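First comes the structure, then the notes that go with it.
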Amino acid sequence: MTKKYAELSVCSDADDSDPEYVTRLLGLTPTLSWKKGTEYQRKCYDADSKTWGTTPEVHSRTVWRYSTEFNVPTQKMDDHIEFLLDALTLRRAQIEALLNEKERYWVSVGLWRENRCGHDSVALSREWLREFAGLCHDLWVTYIHLEDEEGGEE
């Protein structure tokens, strides 16, 4: 199984930050969002009983994320990158407004890939890097190679 997507994240440590502001500003429905101070149940593993449970936590920052995971029907990273770049380019002025509030909002673009077999890479063209550089504070790439349930590679 392979999972690939690209995402825009807008985070804030400000107590009065609101993910709805980002939604209204960008005109995009987030894939997920939460407000600083919101309670949630964090999933945790108890090594003694070898069971999963939850523990109450409070979000330490406001987060707003828009992902291509459910918007792009292919598993080709290039398609996910192009989709996100198209969405962001149409909203360049709004994203620049967030970028200019650096003390309040942090804007990131991320590329995510996880799989259970084989190796892969993504080549970021000069044009993509130039475009992303103008649309975020940072760009991150996450690659995860998962193991099967018995602990070995599939």
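Every number in this text was worked out from the coordinates using simple rules, so none of it is lab data. Since this is a predicted model, take the numbers as computed values, not measurements. All Cβ positions, glycine included, derive from the backbone under ideal geometry; neighbour counts span all protein chains shown.
Would you work out if segment 52-114 is rounded, prolate or oblate? Take a ≥ b ≥ c from the square roots of the eigenvalues of the alpha-carbon gyration tensor; rounded if a/c is under 1.5, else prolate when a/b is larger than b/c, oblate otherwise.
Details: a/c = 2.98, a/b = 1.11, b/c = 2.69.
Oblate shape, in that a/c is at least 1.5 and b/c is the bigger or equal ratio.
Report for the chain the percent antiparallel among DSSP-assigned beta bridges with both residues inside it, nearest 5. Numbers along the way, then the final one.
Working: 27 of 35 bridges.
Taking every DSSP beta bridge with both residues in the chain, the antiparallel ones total about 75 percent.
Nearest 500 deg cm²/dmol is fine: what mean residue ellipticity at 222 nm does the chain get from its DSSP H runs of n ≥ 4 alone, each adding -39,500 (n - 2.57), divided by its residue count? Mind dumping the intermediate values first?
Values: 4 runs with 37 residues, N = 154.
It lands at -7000 deg cm²/dmol.
Could you list which residues have their amide H under 5 Å from that of residue 38, counting only those 5 or more apart in sequence or on another chain, with H placed in the peptide plane?
When sequence neighbours closer than 5 places are left aside, the close amide H contacts are 59.
Calculate I(q)/I(0) for segment 3-154 by the Debye formula, one identical point scatterer on each C-alpha and no solvent, and give its log10 at q = 0.17 Å⁻¹ to two decimals.
Debye output, listed in q order: -1.07.
With a cut-off of 8 Å between alpha carbons and a minimum separation of six or more residues, what is the relative contact order of segment 10-111 in percent?
RCO, segment 10-111: 32 percent.
Could you sort the peptides 40-51, 87-98, 122-133, 68-79 by per-residue average Cβ neighbour count (10 Å cutoff), highest mean leading?
87-98, 68-79, 122-133, 40-51
Reachable lysines from residue 3, Cα under 16 Å, same-chain residues fewer than 8 places away excluded?
Qualifying lysines at Cα under 16 Å: 76.
Pick out, from 72, 8, 135, the residue whose Cα sits farthest towards the positive end of the charge dipole of the chain, with +1 on the Cβ of Lys and Arg and -1 on the Cβ of Asp and Glu.
My answer, from the dipole projection, is 135.
So if I take the centroid of the Cα atoms in segment 3-22 and the same for segment 25-60, what is the distance between those two points in Å?
Cα centroid of segment 3-22 versus Cα centroid of segment 25-60: 15 Å apart.
Checking the cross-link filter: which lysines have an alpha carbon closer than 28 Å to that of residue 102, excluding same-chain neighbours under 8 positions apart?
Within reach: 35, 36.
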